[in-house]
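The values are calculated or read from the model by the stated rules, or taken from the named source; none is laboratory data. Because the structure is predicted, anything quoted here is derived from the model rather than measured. In this analysis, Cβ positions are derived from the backbone assuming ideal geometry, glycine residues included, and neighbour counts consider all displayed protein chains. Heavy atoms of the whole protein, side chains included, go into the accessibility calculation; ligands, DNA and RNA do not. Shrake-Rupley method; radii C 1.70, N 1.55, O 1.52, S 1.80 Å.
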Amino acid sequence: MNTSNKITEILTYYATPGPITDPGDCGVLLTDLPADIAGLVEMVQGLMVHIFWAERYGLKLSPERQQEINLRWVSQMLSRIRELSGDPLQVKRPLEQKLVGNCRDHSTLLVTLLRHQGIPARARCGFGVYFMPNHYEDHWVVEYWCADEGRWVMVDPQLDPFQGEALGIQFDTLDMPPGQFIPAGQGWQMCRQGQADPDSFGIFDLHGMWFIRGNLVRDLAALNKVELLPWDGWGLGDKDEQALTREDLALLDRAAALTLAGNESFAEMRAFYQAEDELRVPPVIRSYSNKGMQLVDL
């Protein structure tokens, strides 16, 4: 297959929804969408409030509202958004009418809006360096294909002007420079090669190689259009640290390399994911939400 055909295959794949980003019956809500990335990001921010930022905006969330972060499917998210307000999605809502979400939800919703318009897009799971000094914060962002420039552009749809000012952001969040977001595979390689401390990767009191490994498995799944929740676990992403074998580590090393390899390794990455039972998302996963561990059918 020549290079042109390979690119066409990749872009066709990421321009259509996967099971998580399929809006289902709520697709009727996705009309008159902004055509530019800035407008789409503003739309996402107008529909959703990040659970960890809510009080800084002045919104106190009830325990019931906090449970909205467990909505896994975009169709569920859109249904809840419609319940909270009957306004068109392009209308920015007051805080109390915004869906409660997190970085994964902002990213997955933006991917849905882009794919709905036939724009190739994918969510990425990894770590942001711009939240705390000397720390790699658990985070999700979006990559979309800029046809005019022939490249993937990285966007952080969570960071609105309020957050940007609070964090002292000095870069363009709609075209992020390299090094601001570390894909999980890169974090895995950095720590495996002794270039970084695994305990500097994570969130709150959750950190270490096991955390990086979970994000690596989630990033591989997201590149295969299965964008699960940050606390969903399966296979090698959910295996006890002490039980990992050399073969397991070699498999994870390979996964890390393929998630970073770029367009030229797309077909290999897809085949690898499909072939490895310990990495591919199974029909039943474990979800470690604030309700405790639950088995979830996908």
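With the highest mean first, a sort of the peptides 88-101, 173-186 on other beta-carbon atoms found within 10 angstrom per residue produces 173-186, 88-101.
Which stretch or stretches of the stretch 1-20 have amide N atoms under 19 Å from the point lying 7 Å from E264's Cα along the Cα→Cβ direction? Answer for this model: 1-11.
Taking θ as phi - 60° and the Karplus parameters 6.51, -1.76 and 1.60, the scalar couplings of the stretch 205-215 work out to 9, 9, 6, x, 4, 5, 5, 4, 4, x, 5 Hz in sequence order, x denoting glycine and proline.
I want to verify a result. In a Gaussian network model of the chain, Cα cutoff 10 Å, which of these has the top mean-square fluctuation: G150, G118, G235? Comparing G150, G118, G235 in the GNM, the peak value goes to G150.
Rounded to whole Å, give me the distance from the Cα center of the stretch 236-267 to that of the stretch 110-125. Answer, in whole Å: 24.
Taking the 1.4 Å solvent-accessible surface of the chain as the whole, the part contributed by carbon and sulfur is 50%. With θ taken as phi - 60° and the Karplus curve 6.51 cos²θ - 1.76 cosθ + 1.60 applied, the whole-hertz 3J(HN,Hα) list for the stretch 277-283 is 4, 7, 10, 5, 5, x, x Hz, x standing for glycine and proline. Karplus-based coupling profile of the stretch 54-60, in residue order and whole Hz: 3, 5, 5, 7, x, 10, 9, with θ = phi - 60° in 6.51 cos²θ - 1.76 cosθ + 1.60 and x standing for Gly or Pro. Helical runs (DSSP H, four residues minimum) scored at -39500 (n - 2.57) apiece and divided by the length of the chain put the mean residue ellipticity at 222 nm at -11000 deg cm²/dmol. Model label points for L298 and D253, set 7 angstrom from Cα along the Cα-to-Cβ axis, are 2.6 nm apart. Please report the net charge: other residues with Cβ closer than 13 Å to the Cβ of T245, K and R +1, D and E -1. Overall, the nearby charge balance is -4.
Protection proxy ranking for 251-263, 197-209, 102-114, using the average of other Cβ atoms within 10 Å per residue and placing the highest first: 102-114, 251-263, 197-209. Let's test the formula: R0 of 41 Å, r as the Cβ-Cβ distance of Q170 and D277. What FRET efficiency results, to the nearest 0.05? So the FRET efficiency works out to roughly 0.40. Taking all protein chains into account, the per residue accessible area for the chain stands at 45 Å² (1.4 Å probe).
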